[in-house]
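Some notes on the structure that comes next.
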Amino acid sequence: MKRLSAVPSGEPIAISATLFVTYRRCPQQALARLRGVYPEPSRATFKGALAHRIFARHLTDGPIGEEGFNLVCRQETGANLSGQMAAAGLRKPSEFDAVVSEIADLYERFRRLPADGFTSAEVAFDHDVTDDIAVRGRIDAVFEGDAGARLVDWKTGSDLGHDVEAQLGFYAFTWSLENGSPPAETVAVSLATGERVASNPSADDVAAIEDEVASMVVALRSALEAETDLSRTAGPYCRWCPICPECSEGKAAVALLG
Ligand code: SF4
């Protein structure tokens, strides 16, 4: 891993899959994240986080019965997600129960997925590439097979999303940082539609992602240091961008898309 470690030193920076994917969409929005401006927590993000806790619990502790499902969701929320739930504005029991009901549907589909070779869920990684560059994140689950490790990302939104390939590429890169070689396979599965994207990343694929990450770090740092902006690339995601109200490109996109 020479390319990222060869980036000149500068402002300490922690790189995540979210920062990388955001930068690919719109460099200015990624810069805003580093300046501390994040999207507001939402019902969808809370639902996704709780669903992933349920999936991890299923894989580590076994299936969750229908009768105890609501209680398990309450336990997981109380232990790990109460702040996120409050920030998403879910205050009434009926609002929570509606989210639980949607998660129960996703869980029914999740239970039908094969779990052979499962080794660990919600695998956190925190790798200091240099004194001032860290790569951080979490992979939903890791499975081991004859060919090697398979990294799996479960999507709880309405579809796989447009950034799924970039996200899987980033996971392969982080896996390589920790393990010295790419995983055998990366997979994303939409629990809403059953859609699936898979890839067998090579060392060259990982090196290409690392080059992109290194260029991103240089661009973000230079904008932070010079207090300048980066390019803006508008799209449907502008409606969720926290700096959209002050971005003419984003406002035009939102108006056009309705
Ligand atoms: S509103 Fe759109 S174009 Fe403007 S910074 Fe945000 S993501 Fe970029």
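Name the one entry in Arg138, Arg150, Arg91, Arg111 that is open to solvent by 40 Å² or more (accessible area, probe 1.4 Å) and under 30 Å from Pro12 (Cα atoms). Step through it out loud before you land on a result.
Details: Arg150 fails: under 30 Å from Pro12 (Cα atoms); Arg91 fails: under 30 Å from Pro12 (Cα atoms); Arg111 fails: under 30 Å from Pro12 (Cα atoms).
Selected residue: Arg138, the only one of Arg138, Arg150, Arg91, Arg111 that is open to solvent by 40 Å² or more (accessible area, probe 1.4 Å) and under 30 Å from Pro12 (Cα atoms).
When the residues of the stretch 153-163 are narrowed to those that are touching a helix residue (DSSP H, G or I) at 6+ places or on another chain (Cβ under 9 Å) and open to solvent by less than 70 Å² (accessible area, probe 1.4 Å), which ends up nearest to Glu185 (Cα to Cα)?
Going through the qualifying residues, I end up with Asp153.
Looking at the structure I just gave you, is Leu220 crowded, with 18+ Cβ neighbours inside 10 Å, more than 8 Å from the ligand (Cβ to nearest atom) and within 30 Å of Ser5 (Cβ to Cβ)?
Judged against the criteria, Leu220 is a match.
Could you figure out which of (1) out of contact with any strand residue (DSSP E or B) (no Cβ under 7 Å at 6 or more places or on another chain); (2) assigned to a loop (DSSP other than H, G, I, E, B) isn't true of Pro201?
Checking Pro201 against (1) out of contact with any strand residue (DSSP E or B) (no Cβ under 7 Å at 6 or more places or on another chain); (2) assigned to a loop (DSSP other than H, G, I, E, B), the one that fails is (1).
Can you pull out every residue in the stretch 215-258 that is of a type in the set (Asp, Glu) and touching an Asp or Glu at 6+ places or on another chain (Cβ under 9 Å)? Even if it seems obvious, please write down each step before you answer.
The initial filter retains those residues of the stretch 215-258 that are of a type in the set (Asp, Glu), namely 225, 227, 229, 246, 249.
Matches in the stretch 215-258: Glu225 only.
Restricting attention to the stretch 231-258, which residues are under 12 Å from Arg25 (Cβ atoms), in a loop (DSSP other than H, G, I, E, B) and more than 8 Å from the ligand (Cβ to nearest atom)?
Ser231
Taking the stretch 191-230, which residues are of a type in the set (Asp, Glu) and without any contact (Cβ under 8 Å) to a residue 12 or more places away in the chain? Walk me through how you get there before you give the answer.
Keep residues of the stretch 191-230 that are of a type in the set (Asp, Glu), which gives 195, 204-205, 210-212, 225, 227, 229.
Scanning the stretch 191-230 gives Asp204, Glu227.
Checking the condition within 16 Å of the ligand (Cβ to nearest atom) and part of a loop (DSSP other than H, G, I, E, B), which residue from Glu11, Glu40, Glu66 passes? Break it down into steps so the answer makes sense when it comes.
Details: Glu11 fails: within 16 Å of the ligand (Cβ to nearest atom); Glu66 fails: within 16 Å of the ligand (Cβ to nearest atom).
That would be Glu40, the only listed residue that is within 16 Å of the ligand (Cβ to nearest atom) and part of a loop (DSSP other than H, G, I, E, B).
Return only the number of the condition from (1) within 16 Å of the ligand (Cβ to nearest atom); (2) hydroxyl-bearing (Ser, Thr, Tyr); (3) part of a helix (DSSP H, G or I) that Ser215 does not satisfy.
Just one mismatch for Ser215, condition (1).
Mind checking which pairs have a first residue in the stretch 5-30 that is touching a residue at least 40 places away in the same chain (Cβ under 8 Å) and open to solvent by 20 Å² or more (accessible area, probe 1.4 Å) and a second that is among the hydrophobic types (A, V, I, L, M, F, W, C) and within 11 Å of the ligand (Cβ to nearest atom), Cβ under 6 Å, 6 or more apart or different chains?
Cβ pairs passing all conditions: Tyr23/Ala30.
Picking from Ala32, Ala79, which residue would you name as being more than 30 Å from Thr228 (Cβ to Cβ), modelled with pLDDT of 90 or more and part of a helix (DSSP H, G or I)?
Details: Ala32 fails: more than 30 Å from Thr228 (Cβ to Cβ).
So the residue among Ala32, Ala79 that is more than 30 Å from Thr228 (Cβ to Cβ), modelled with pLDDT of 90 or more and part of a helix (DSSP H, G or I) is Ala79.
The values are calculated or read from the model by the stated rules, or taken from the named source; none is laboratory data. Worth saying up front: this structure is predicted, and the values here are computed from it rather than measured. Cβ: placed from backbone, ideal geometry, glycine included. Neighbour counts: every protein chain shown. Only protein heavy atoms, including side chains, enter the accessible area calculation; ligands, DNA and RNA are left aside. Shrake-Rupley method; radii C 1.70, N 1.55, O 1.52, S 1.80 Å.
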